[in-house]
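Novice: Below is a structure I'd like to ask you about.
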Amino acid sequence: MDKMTQLLKLLENTDTIELNEFRMDFEELELNIMPAIQQVVQTAQRQAQQAEIVREAILAEEFKPPIYNYPGEVAEVQLGAGTRKPVFLGGQKALYRFEEPQPNPPVVTFDVFDIPMPGLPRPIREHFEDVMEHPGDWAKKAVKDFGANMVTIHLIGTGPKVMDKTPQQAAAAIEEVLQAVDVPIVIGGSGNPEKDPEVLEKAAEVAEGERCLIASANKDMDWERIGNAAKKYGHNILSWTQLDMNNQRELNRKLLKVVEMPRDRIVMDPTTAALGYGLDYAYTNMERIRLAALGGDDELNFPMSSGTTNAWGAREAWMKESPMPEDSEWGTRDFRGPLWEIYTGLPLALAGVNLFMMMHPLSVRVLKETTQALLGMIEGEKVDISNWIKEV
Amino acid sequence: MKVQSPLEVYNYLPGTNCKECGEETCMAFASKLIDRSKSLDLCKEILDDSYKEEYEKLKEMLSPEIKEIIIGIGDKAVHVGGEDVLYRHQLTFYNQPPFAYDVTDVMDEKEITERVNFVSNYKKFYVGSFLRLDMIAIRSVSDDPKKFAECVKKVKDLTELPLILMSFNPDVLEAGLEVVKDKRPLVYAANEDNWQKVAELIDKYKVPVVLFSPDLDKLASLAKTFVEMGMNELILDPGTYPSGKQLMSTFERFIKLRRSAIKDGNKDVAFPIIGIPAIASLVSKGKDELEQAISESILTILETIKYGDLLVFHNIAPYVILPAIHLRFNIYTDPRSPVRVEPGLFEMGTPDENSPLFLTTNFALTYFTVKSDLESNNINSYLLVVDSDGICVEASVAGGQLNPGKIKEAIEATKAKEKIKHNTLVLPGLAARLSGSTEDETGMKVLVGPTDSGRIAKWMEDHWQTKA
Ligand code: SF4
């Protein structure tokens, strides 16, 4: 190539010319292309003033993974004994897997009710329509078809304003579920502060030795009686407070000091608010509780449970369409519901929740798979993303 | 930011207590600067030339741990990064990660137009205002500079939203940059192979750039190199992978980068992080609609919560967007200011003495939801907002912040009884258990409304028309 052609070649691409390539003998050049050359020189000079594009990358110091030590650890709780296959919660000694191997991946317990629950959203009803008359069948389906690690039997029917079932009737529902499945079970009341202590006491008695989780002791009702029943019949207790870490600490302390519940038999429910309806409070409250536990607070270092089913209370999860005419389309509610449950549960998994009470089979599957993937338990499909821009 | 105590800041303020900034004293202003509730430019005196040195010093002291970068121009410009903490309760997270949705240079005109218009016009009402989407990402699939430039031109003519130009080919990027050079787009991306060429472009067009490498050593080195060359408007892409162990490492890289920057003071990586949930479709393409939605949603959740400062999406199905924008809003809500409204009695539409009197709490979300449901359904009514310390109905009933005594006080303070002649109060369905005690306390007849105010219109048909 003669000098002229070389130069013209350079000129084609003046924007990316590099200063150190621009070494040529100006005297040899024809005068009539001088203006063009001047332009090149100016461009090159301008670039030189602005930045010098270096040839070799400058090496940063080796990236040190930020790994910390934590003085505290989360208690490990065993759910299920006797005729149950046990499941373990908690035991975490660090916030993240890359700091310290994480024991006991999150566990999901399926909601089952002692009455047919006509009010359940359609996307859930359609999976359980055939078994809703019998809590035993319902539980069996959750375990067999949908891989439930555990089952929660909610004794809603005992509510005075629901069906006012007697504690004996409630006990029968529990026996039915215990017969039907061999996973650990959670036993929940109707939420009625007057009746729950009596109902849960009876329930604890008929399930003696099965190491269930009794849900729950809370400050609104006779927590001492419920806690004592859980302790006496060999169960765990769910310590439930409303979005307040200090109240949670206080109730835990009472269970430890007054009921004298062993440390490895307490699970906390700091309250789950749905995405869009206070999830920020629930998330931060739980994150703070977990940080406190790892920081050595021995009144908050218990596994956490989330009533993720609350997600279905969000209108975005169940309403056919937006009641606001200005809103853009919400999309099909068959998908919105399960996604809302995932979007409520997964953030709380990141905040440290160990046990999820859930309802929709798809949400359950996704939550389990994702939390297990984050612990390195799932190999997954490997992809090369170096050219993703073109391949997505 | 580097400073913790207001005193350190105070030392550089004028100290005249002139109150121009809206605070009583310079010291008070200093503490507002520390918690980032006010910005330095509100102090008029320090803007004076005589304080130049102090001003510069303060600017530096107060700058956030993670660099803040502006993309786009005008009203729609977005702020990316600028974060100071690892956990929102430690202060707050600041800049909601902008959501960008992709188009490509091989899409036909119709598809591009539809996608861009959908994204530009999207809105969802929430807590008193509308949630919206923020950016368009233009991917070069053709790898042809001319095609890319045409596509960028099309998008530019359709929307004011800020743009991301995406290609690993510098010639393609340059063709796009030429079209929108005055719009301050974001360039994606410099990688191990092309970084010198991309650096030349960044230097020429003076725009922010993404550095891409899933290897954190290399990523930090790239960042250091760019800073060394005088380019510091950087965004880091540590790689987003959709599943299994790769997903785990993705999540961990985001956390490691942010922790290293904020807690260990590693300046090389103190830049915003970009997450690419769109990459989910590398594995979910061809699967059913719901699976596709889920795989992109998982990445969205992980990267919204753990430190994504800007996210790029592919899926524009409305049911995929809906939860994502709520999660972002929730996580970036300032936890220091409980979202509450003033209690009181409010008129919805044009109520008269026969109109119903509804009650709700002063939790902002509850209030705005009820208000918009009443108004959009043209239900002329009174809404009594009771002070529940900003807690929602269900939790405040359980926690006692909403109780018959408080309700009575609110009725007396607002003279609500005088507005109506039916002496009836409608409680939210979630406060049903207060109905008896509220009747006793207030001497009013109490009806229990629906548990979701979206059903008030239907409830009115069944319970109110007949009554009135
Ligand atoms: S405006 Fe500046 S000088 Fe005046 S009181 Fe505020 S901080 Fe002090």
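The values are calculated or read from the model by the stated rules, or taken from the named source; none is laboratory data. Please read all numbers here as calculations on a predicted model, not as lab measurements. FYI the Cβ positions are ideal-geometry reconstructions off the backbone, even for glycines, and counts take in every protein chain you see. Surface accessibility is based on the protein's heavy atoms, side chains included, excluding ligands, DNA and RNA. Shrake-Rupley method; radii C 1.70, N 1.55, O 1.52, S 1.80 Å.
Novice: Please compute, for the alpha-carbon atoms of region B:320-419, the extent along each of the three principal axes and give them in descending order in Å.
Specialist: Principal extents (Cα only, largest first): 45, 31, 20 Å.
Novice: Evaluate chain B: find the radius of gyration of its Cα atoms, find its Kirkwood radius, and give the ratio Rg to Rh.
Specialist: 1.05
Novice: Next question, about the same structure. Which percent, to the nearest 5, of DSSP beta bridges fully inside chain B are antiparallel?
Specialist: Here the antiparallel bridges make up roughly 25 percent for chain B.
Novice: What does the helix-only formula give at 222 nm for chain A: each DSSP H stretch with n ≥ 4 adding -39500 (n - 2.57), the total divided by the residues, and the result rounded to the nearest 500 deg cm²/dmol?
Specialist: -11500 deg cm²/dmol
Novice: Using label points projected 7 Å from each Cα along Cα→Cβ, tell me how many nm separate A:GLU224 and A:LYS320, to one decimal.
Specialist: Between A:GLU224 and A:LYS320, the label points sit 5.3 nm apart.
Novice: While we're looking at this one, here's another question. Hey, what's chain B come to in accessible area per residue, 1.4 Å probe, Å²?
Specialist: 38
Novice: Given H placed on each backbone N at 1.01 Å, which residues far from A:VAL186 in sequence or on other chains put an amide H within less than 5 Å of it?
Specialist: A:VAL151, A:THR152, A:ILE153, A:LEU213
Novice: How big is the shadow of the Cα convex hull of region B:6-62, averaged over all directions, in nm²?
Specialist: For region B:6-62, the mean projected area of the Cα convex hull comes to 3.2 nm².
Novice: Could you rank the peptides B:144-156, A:307-319, A:265-277 by their average count of other C-beta atoms within 10 Å per residue, with the highest value first?
Specialist: For the peptides B:144-156, A:307-319, A:265-277, the packing ranking is A:265-277, A:307-319, B:144-156.
Novice: Here is a further query. Identify all lysines with a Cα-Cα distance to A:LYS195 below 16 Å; exclude those on the same chain that are fewer than 8 residues away in sequence.
Specialist: A:LYS161, A:LYS165, A:LYS219
Novice: To continue, here is another question. What span do the alpha-carbon atoms of region A:116-164 cover on each of the three principal axes, reported in whole Å from largest to smallest?
Specialist: 33, 22, 14
Novice: Sticking with this one: Sorted from largest to smallest, which semi-axis lengths in Å does the alpha carbon gyration tensor of region B:374-468 give for its equivalent ellipsoid, taking the root of 5 times each eigenvalue?
Specialist: Three semi-axes, in Å: 20, 16, 13.
Novice: Now for a different question. Working out 0.36 nm times the residue gap between B:ASN354 and B:GLU56, then minus their Cα-Cα distance, what length gain in nm do you get to one decimal?
Specialist: Contour length minus the Cα-Cα distance gives 101.0 nm.
Novice: Moving on. Can you tell me which of A:ILE156, A:ILE378, A:ILE214 moves the most in a GNM of chain A? Springs connect C-alpha atoms under 10 Å apart.
Specialist: A:ILE378
Novice: Enter the angle in degrees (range 0 to 90, nearest 10) between the Cα long axis of helix A:333-351 and the first principal axis of the Cα atoms of chain A, meaning the one along which they spread out most.
Specialist: For helix A:333-351, the angle is close to 90 degrees.
Novice: Rg and Dmax of the protein assembly as shown, Cα atoms, in Å?
Specialist: Values for the protein assembly as shown (Cα only, Rg and Dmax): 30.3, 108 Å.
Novice: Give me, ordered by chain and number, the residues 5 or more places off B:GLU83 or on other chains with an amide H under 5 Å from its own placed amide H.
Specialist: B:ILE66
Novice: Counting other Cβ atoms within 10 Å of each Cβ, which GluC sites (Glu not before Pro) in region B:274-368 have at most 15 and sit in a DSSP loop?
Specialist: B:GLU353
Novice: Could you tell me how many degrees, from 0 to 90 and to the nearest 10, lie between the Cα long axis of helix B:364-376 and the main elongation axis, the longest principal axis, of the Cα atoms of chain B?
Specialist: Roughly 70 degrees, rounded to the nearest 10.
Novice: Tell me, what HN-Hα J-couplings in whole Hz come from the Karplus equation 6.51 cos²θ - 1.76 cosθ + 1.60 at θ = phi - 60° for each residue of region A:133-142, using x for Gly and Pro?
Specialist: Couplings: 6, 10, x, x, 5, 4, 4, 4, 5, 4 Hz.
Novice: Give me the 1.4 Å probe accessible area per residue for region A:76-391, excluding ligands and nucleic acids, in Å².
Specialist: 35
Novice: Please work out whether region B:68-331 counts as rounded, prolate or oblate from its C-alpha gyration tensor, where a ≥ b ≥ c are the square roots of the eigenvalues and a/c under 1.5 means rounded, while otherwise a/b larger than b/c means prolate and anything else oblate?
Specialist: Judged from the Cα gyration tensor, region B:68-331 comes out rounded (a/c under 1.5).
Novice: How big is region B:397-437 by Rg and Dmax over its Cα atoms, in Å?
Specialist: Cα only, region B:397-437: 10.9, 32 Å (Rg, Dmax).
Novice: For A:VAL258 and B:LYS287, FRET efficiency with R0 = 56 Å and r from the beta-carbon atoms, rounded to 0.05?
Specialist: 0.55
Novice: Between B:GLU178 and B:ASP215, what FRET efficiency comes out of the Förster formula 1/(1 + (r/R0)^6) with R0 = 35 Å and r the beta carbon distance, rounded to 0.05?
Specialist: 0.65
Novice: In addition: Restricted to Cα positions, what overall size does region B:177-266 have along the principal axes? Three whole-Å values, descending.
Specialist: Ordered largest first, region B:177-266 gives principal extents of 40, 29, 23 Å.
Novice: Shifting gears a bit: Calculate the mean, over all residues of peptide A:371-382, of how many other protein chain Cβ atoms lie within 10 angstrom of the residue's Cβ.
Specialist: 5
Novice: What do you get for the angle between helix B:289-305 and the principal long axis of chain B? Use alpha-carbon atoms, 0 to 90 degrees, nearest ten.
Specialist: It is inclined by approximately 90 degrees.
Novice: Something else about it: Give me a single rounded figure for B:247-260: the average over its residues of other chain Cβ atoms within 10 Å of their Cβ.
Specialist: 5
Novice: What's the extension gain from B:LYS2 to B:HIS422 if we count 0.36 nm per residue and subtract their Cα-Cα distance?
Specialist: 145.1 nm
Novice: Over what distance in Å are the Cα centres of region A:164-189 and region B:94-167 separated?
Specialist: 54
Novice: A follow-up question, please. Given region B:397-468, what count of lysine pairs have C-alpha atoms under 20 Å apart, with each pair 8 or more places apart or on different chains?
Specialist: So the count of such lysine pairs works out to 17.
Novice: Here's another thing I want to ask about it. Taking every DSSP beta bridge that has both residues in region A:76-391, what percent is antiparallel when rounded to the nearest 5?
Specialist: So the antiparallel bridges amount to about 10 percent of the total.
Novice: When DSSP assigns beta bridges and you keep just the ones with both residues in the protein assembly as shown, what percent turn out antiparallel, to the nearest 5?
Specialist: 20
Novice: With a Cα-only, solvent-free Debye model of region B:232-322, what are the log10 I(q)/I(0) values at q = 0.13, 0.15, 0.20, 0.22 Å⁻¹?
Specialist: -0.43, -0.56, -0.89, -1.02
Novice: Here's a follow-up. Just the number, please: buried accessible area between A and B, total of both chains, 1.4 angstrom probe, nearest 100 square angstrom.
Specialist: 8800
Novice: Okay, next question. Averaged over its residues, how many other protein chain Cβ atoms are within 10 Å of peptide A:239-245's Cβ atoms?
Specialist: Average neighbour count from other chains, rounded to a whole number: 3.
Novice: Return the sequence-ordered ³J(HN,Hα) values of region A:262-267 in whole Hz as given by the Karplus equation 6.51 cos²θ - 1.76 cosθ + 1.60 applied to θ = phi - 60°, using x for Gly and Pro.
Specialist: After applying 6.51 cos²θ - 1.76 cosθ + 1.60, I find x, 4, 8, 10, 10, 10 Hz.
Novice: If r is the Cβ-Cβ distance from A:GLU61 to B:LYS19 and R0 is 41 Å, what FRET efficiency results, to the nearest 0.05?
Specialist: 0.30
Novice: Considering the Cα positions of chain A, please state its Rg to one decimal place and its Dmax as a whole number of Å.
Specialist: When restricted to the Cα atoms of chain A, Rg and Dmax are 30.8, 108 Å.
Novice: Additional query: Taking all pairs of distinct Cα atoms, average 1/r, flip it, and tell me the Kirkwood hydrodynamic radius of region B:86-176 in Å to one decimal place.
Specialist: 14.5
Novice: Here's something else I'd like to know. What part of the accessible area of chain B, given as a whole %, is carbon or sulfur when the probe is 1.4 angstrom?
Specialist: 47
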